[in-house]
Amino acid sequence: MDLAGALANIGVSLAKARENAPLASPRLTLMGVSKGHGAEAIENAIELGVFVFGENRVQEAEGKWPDIKKRHPKVILHLIGPLQTNKIKQALELFDVIQTLDRPKLAEEIARHMDGKEIKTRQFYIQVNTGEEEQKAGVSPKEADDFIAYCTGELKLPVAGLMCIPPVDDLPGPHFALLRQIALKHNLPELSMGMSDDFETAVRLGSTCVRIGRALFGERPE
Ligand SMILES: *Cc1c(COP(=O)(O)O)cnc(C)c1O
């Protein structure tokens, strides 16, 4: 299917998901996850009205996004993959939002860089490893309260919300509900949850940002 058709289908699914869903958020951003795709696909999406994008690797994003941003200054770019401390400066100069704040060392290093002139990042989300999976990034739900307080209080980072990626073999609903509970407790307005296979559930549970790759762009080229 072409991009316009895929986008229309997603729009219908999003609207359906919000029907009879008292927890659904009135604000909802559709993020196009463009990892693995080139500038042409991204520009096609921009022409169709997508204006928020997500990339999961700093290096890949550095290769294609500076040019696209020059041509489309209003487009917003989020980092949704793990950030190594040696890439902090590049990431802060490229991404408008970093969704993967996930450990004290990273938060401290970011805080030290935040007053630089070239810094673009305006918002952070904290990634919560709701399934407590060993191989997955994110703070565990048990540590989330302290970590959020540390980032917003001591480090004064502009934390706007939380992000999670549920375990592939679990029903996603309980993970989204847990993320929502933690965000409510801390008055954080943004909930980045929901991908191609589970975005309807995420929307019903209050997502403010669905991160959609395959359902929009098709399978990723290798
Ligand atoms: C790749 C990726 C997505 C998009 O996944 P799809 O299943 O292609 O929609 C969303 N979030 C993160 C963190 C990703 O790495």
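The values are calculated or read from the model by the stated rules, or taken from the named source; none is laboratory data. Note that this is a predicted model, so its numbers are computed, not measured. Backbone-built Cβ (ideal geometry, glycine too); neighbour counts: all protein chains shown. Side chains are part of the model used for accessible areas, which takes the heavy atoms of the whole protein and leaves out ligands, DNA and RNA. Shrake-Rupley method; radii C 1.70, N 1.55, O 1.52, S 1.80 Å.
Here the relative contact order of the chain, from alpha carbon pairs under 8 Å that lie six or more residues apart, stands at 23 percent. Residues of region 1-31 falling in the label zone of Leu48, defined by backbone nitrogen less than 11 Å from a point 7 Å along Cα to beta-carbon, are 1-11. Solvent exposure of region 52-203 amounts to 48 Å² per residue of accessible area, where only protein heavy atoms count and the probe is 1.4 Å. Considering only Leu162, Leu77, Leu28, the mean-square fluctuation computed in a Gaussian network model of the chain, springs between alpha carbons under 10 angstrom, is largest for Leu28.
The mean accessible area for residues of region 2-44, using a 1.4 Å probe and ignoring ligands and nucleic acids, is 51 Å² per residue. Extension gain, Arg220 to Asn187: 0.36 nm times the residue separation minus the Cα-Cα distance gives 8.3 nm. Using a probe of 1.4 Å, the accessible surface attributed to Lys142 totals some 150 Å² when neighbouring protein chains are kept in position.
On the chain, 50 percent of the accessible area sits on carbon and sulfur atoms, based on a 1.4 Å probe. Pairs with C-alpha atoms separated by more than 31 Å, drawn from the list Lys16/Lys185; Lys117/Lys185; Lys69/Lys185; Lys16/Lys105, are Lys117/Lys185; Lys69/Lys185; Lys16/Lys105.
Considering only Met193, Met114, Met163, the Gaussian network model of the chain with Cα springs below 10 Å gives its largest mean-square fluctuation to Met114.
Taking 0.36 nm per residue of sequence separation and removing the Cα-Cα distance, the Ser13/Asp67 pair yields an extension gain of 16.2 nm.
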